[in-house]
1. How far, in nm, would the chain grow between residue 200 and residue 140 when pulled straight, counting 0.36 nm per residue and subtracting the alpha carbon separation?
2. With r defined as the distance between the Cβ atoms of residue 118 and residue 156 and R0 fixed at 22 Å, what FRET efficiency is calculated, to the nearest 0.05?
3. On a C-alpha basis, how far is the centre of region 14-71 from the centre of region 104-135 in Å? Whole number, if you could?
4. Between 102, 17, 189, which gets the highest mean-square fluctuation from a Gaussian network model of the chain, Cα cutoff 10 Å?
5. Once Rh is set to the Kirkwood radius over Cα pairs, what Stokes-Einstein translational diffusion coefficient, in µm²/s, holds for region 137-214 at a temperature of 25 °C and a viscosity of 0.890 mPa s?
6. Summarise the long-distance tail of P(r) for region 106-156 by giving the % of C-alpha pairs beyond 18 Å.
7. Modelling each spin label as a point 7 Å along the Cα-to-Cβ direction, I'd like the residue 33/residue 174 distance in nm, to one decimal.
8. Provide the net charge surrounding residue 32, with neighbours chosen by a C-beta distance below 13 Å and charges set as Lys +1, Arg +1, Asp -1, Glu -1.
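We did not get these values from a lab; they are worked out from the coordinates using the rules stated. Everything numeric here is computed off the predicted structure, so don't read it as measured data. Glycine also receives a Cβ, built like all others from the backbone with ideal geometry; neighbour counts cover every protein chain displayed.
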Amino acid sequence: MRVGILGSGLMGGKLGTLFARAGHDVTFSYARSEQKLRRLAREAKANARAGTPREAAREADVLLLAVHWSRVDDVLRQAGDLSGKVIVTCSLPMNADDTRLTIAHTSSGAETLAKKVRGARVVAAFGTVPSEVLLDVFKARRSAKRPTLVYCGDDKGAKKVAAKLIRDVGFDPLDVGPLRIARYTEPFTLLIGRIAYEGSRGPALAYRFEWLGK
């Protein structure tokens, strides 16, 4: 697939690199400098290039939105018309100093994004794991027991696209329902963050759900 990265920071940069190494055609955009975008494209090796958000969005089959919540409106403005596009978002609706969710309980960042880009097809995915674990999961992607990654959305076709990207990175995708379920997955991300960054075992953390018994 042709994947546009809107936000090439820690999460977007690593996921874009892994998407490229999995065989997708990736355009990195929206970083602190053009030099960083070119470096990411170079290090991703095959199938990667640097571009603007508009260039990343123009021919993309799917877009990954991976910016701080405070930058969402700016990157969407630069990307232009996203009608019909699949947008996979891992952008958590955090306040400026990343101490609390600005949207919770009665809505979610993913639902708010869907209202901003009416006509696009939004799926919430990848936000529930730290960026530090992504390379290890990708290296072990042929393992019989993959870690789980939950995702949710309202469009079946968009969810199929997201599930493929999740598998290609090395996770076992778990569809947890419509986009409103992001009201639960986004707070779950804060729990994962607390364990990863405040615990004693480091941030390379993934999770796996298992059904026991019959």
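1. Numbers: separation 60, 0.36 × 60 = 21.60 nm, distance 2.32 nm.
Going from the current span to full extension adds 19.3 nm.
2. Details: r = 18 Å, r/R0 = 0.84.
Taking R0 as 22 Å, the efficiency between residue 118 and residue 156 is 0.75.
3. Here the answer is 18 Å between Cα centres.
4. Among 102, 17, 189, the largest mean-square fluctuation in the Gaussian network model of the chain belongs to 102.
5. It comes out at roughly 177 µm²/s.
6. Value for region 106-156 (Cα pairs over 18 Å): 47 percent.
7. 4.1 nm
8. On the way: positive: 36, 38, 39, 71; negative: 34.
Here the charged neighbours net out to +3.
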